Amino acid sequence: MSSAEEVSDEGLGGDPAHEETCVDADRPTEEESVVAGSPEAPVAGAEEGAVSSGRKDDLAQSDEVRDQEPMCKVGSQAEEVTRSPTQSATKQIPHEDGRASATAPTPDTIPRGLPDQASNDPKPNPDPETRRDEPEGGAEVCYHDGGTLEAEEVDGEWAVLPEVSPATIEVRIVDLQVGDLTDNTEDEIRKLRDIIWAHRHLLIGKGNALPPAAVGAVCDIDVGDAAPIAQRVRKIAPLFREKVSDQLKGLLLAKIIRHSTPPWASPIVVIIKKNGVDIRLCIDYRLVNGLTKLMIYPMPLINDLLEDLDKVLWYCSLDMASGFWVVSMTDRARAISAFITPFGLFEWNRMPFGLKNAPQIYQRLIDNALYGFLRIPTVADQNTLTDLFEEGHPEEAGESSVLGRRSYIDDILVTAGSWDLLCDRVKALLEACDKWNISISVAKSFWGLKKVDYLGHRVSDEGLEAHPIDLSALADLPFPRTLRAMQSFLGSLNYYGRFIEDMAIYASVLYELREVDFAAIRDRAGRERIGPTVVATEDQQDGQATADPKWAEAEAAFSKLKKKIAATPILRHFDTEKRPVVIVYASEWVVSASLVQDHDGVYLPVMFTCRTLKQNKLNYGIVEKEVLSLMRMLDLGYSMLAGRPIQVLARHSTLA
């Protein structure tokens, strides 16, 4: 193994659909390390399960010939794509004997299987003797050698292979996390617990056994007429081969995967956990996702799901069991999502994480279960692979929604202003889950509480709190050493932007940093991390370090933002019976606004917003900039402010 790429399990909260936070691959850390897929590592041989094209003709060209070619062309029995040599989209994949196999296109230049086009390139030798061992349709299969595996580039495109048990632990009624004796009576808790226990066949305990398939949702992968992509197996250190085989055996025993022989193959990636012993298996689906046609479906906005909570007293935070695994797959989808390991090729029986359209498919299933747009077919027409959204019939009119709100993929929040109403809504939700065959995780679901964690926030009748995954890790977070790491920090910070007053004022200096700035710091020998206020300059003549204002300001802003996110205020829920007040502020280069409401003579915050001005707006007058502040708040808080009288507080009487 020549190099290691790194993946961290820790984050600021971020998107709750994604648990992995990526750090830069250029900086070794004590986090998890990818032990496979390095571009400098030798290509795995046949003993490692490598995929061979079986060609007998030699397609390799010398370096001198390639350097003389003005353009590189890709395409055999397919669409022809031209690029300059510096942008070559192909690689020659060496065999063990030094020969070269078929060229491997990158995702943006995958052959599309179109009819031949005119080309002046010499054709490969068609002699049957020289091509007798080529597999049938070999020219239609693209063999790919992998390439640089940057953790930041594939976050969200890895399918995590979980550690599974052949069966889940049996659920007991005492396992239900219902109510709190400090807030509820025993009769109230018993009433809700009995409703849940009556639907205990929907409850999944600890473990990852394959859940029953949901009704009416099917995963399909449409890659058009693209040729299959078969990537080589990535090398795995001998230390971890036994662990990899154990995880695969568990998945086979749980019937989550099965052996397969498709022309498609995506490689697995081994990630070492912090203890240096345990591993996590992932599948790199970058090429498959690059070919997959995007399914257009409106995903819910998290801010919208956190609104309309002002009259709520009781909450249930529920997690659907095994998530995407309840969705069946078509034969085509199973073949395209197949993955290659040193122990053979496997395919999924159910939809995995990491596929391009998996969140949309699951969200559509849950939306239909909660709102009832389509009805379940009759028993005679019912089929596991029937997609109701393609062949289903509308539900009869007059049926109201189950909860009056959407979920965020597999995270559902049940709200109610009274205990009896909460019991009614829980019963309606469980009946809908029973109807569509959707299971619920017992360990991750909390019923009938006054305060719950939901989508990286803590929700209660008092208001909304930012609740990052690990605040203690945030306090010790060092100054990022790469542009990607800084962008990751700022992106996670934006997730809690509504909690941070004047965030853009502090973050603007960090947004101005470029990769060349970070490269200059990394290139200075002996520096393992950026100092708090002093760095050495390039034109230093006397050997003494001098203060660099840019990095001093950046370090100060970074520290200030960490303190702000660790001490965010509680945002009050928007009260529809109170007048909204917008406080606007504008300076030379930034605009900000605060949405507040009067609670007993005190303005308490509902939401903050702030942004730096672009070049064309820097010359605006102060009044126009305050208008920009107001317009931004009206845009972000439209669902709360539309149709309501608003009081605006500004420093200039024009807006007062």
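The values are calculated or read from the model by the stated rules, or taken from the named source; none is laboratory data. Nothing here was measured: the structure is a model prediction, and the numbers come from that model. Cβ placement follows ideal geometry from the backbone for every residue including glycine, while neighbour counts extend to all protein chains displayed.
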Item checked: One residue from Ala237, Ala214 being assigned by TED's automatic domain parsing to the domain that holds Gln363, hydrophobic (A, V, I, L, M, F, W, C) and touching a residue at least 24 places away in the same chain (Cβ under 8 Å) -> Ala214
Next item on the list: Please give the number of the condition Thr612 fails out of (1) at pLDDT 90 or above; (2) under 25 Å from Gly491 (Cα atoms).
Entry: (1)
Margin query: Given the criteria surrounded by fewer than 20 Cβ atoms within 10 Å (Cβ to Cβ), touching a residue at least 24 places away in the same chain (Cβ under 8 Å), out of contact with any helix residue (DSSP H, G or I) (no Cβ under 7 Å at 6 or more places or on another chain) and not assigned by TED's automatic domain parsing to the domain that holds Asn349, does Asp225 qualify?
Written below: yes
Notebook entry, point to check: Which one of these does Ala209 not meet: (1) assigned to a loop (DSSP other than H, G, I, E, B); (2) modelled with pLDDT of 85 or more?
Noted result: (2)
Next item on the list: Hey, could you check the range 418-445 for residues that are assigned to a helix (DSSP H, G or I) and among the basic types (Lys, Arg) and say which is farthest from Trp314 (Cα to Cα)?
Entry: Lys435
Note to self: On the basis of being on the phi < 0 side of the Ramachandran plot and at pLDDT 90 or above, does Val516 make the cut?
What the structure shows: no
Margin query: Looking at the structure I just gave you, is Ser245 more than 29 Å from Val414 (Cβ to Cβ), out of contact with any Asp or Glu (no Cβ under 9 Å at 6 or more places or on another chain), hydroxyl-bearing (Ser, Thr, Tyr) and touching a residue at least 60 places away in the same chain (Cβ under 8 Å)?
Written below: yes
Check: Can you find even one residue in the range 452-475 that is outside any helix (DSSP H, G or I), of a type outside the set (Lys, Arg), modelled with pLDDT under 85 and touching a His at 6+ places or on another chain (Cβ under 6 Å)?
Finding: yes
Item checked: Residue count for the range 576-598, restricted to those that are outside any strand (DSSP E or B) and of a type in the set (Val, Ile, Thr) -> 1
Note to self: I need the full set of residues from the range 297-321 which are touching a residue at least 60 places away in the same chain (Cβ under 8 Å), surrounded by fewer than 22 Cβ atoms within 10 Å (Cβ to Cβ) and assigned to a loop (DSSP other than H, G, I, E, B), in order please.
What the structure shows: Tyr297, Met299, Pro300, Leu306, Glu307, Asp308, Leu309, Asp310, Lys311, Val312, Leu313
Next item on the list: Output the residues belonging to the range 623-649 that are assigned to a loop (DSSP other than H, G, I, E, B) and surrounded by fewer than 13 Cβ atoms within 10 Å (Cβ to Cβ).
Entry: Ala642, Gly643, Arg644, Pro645
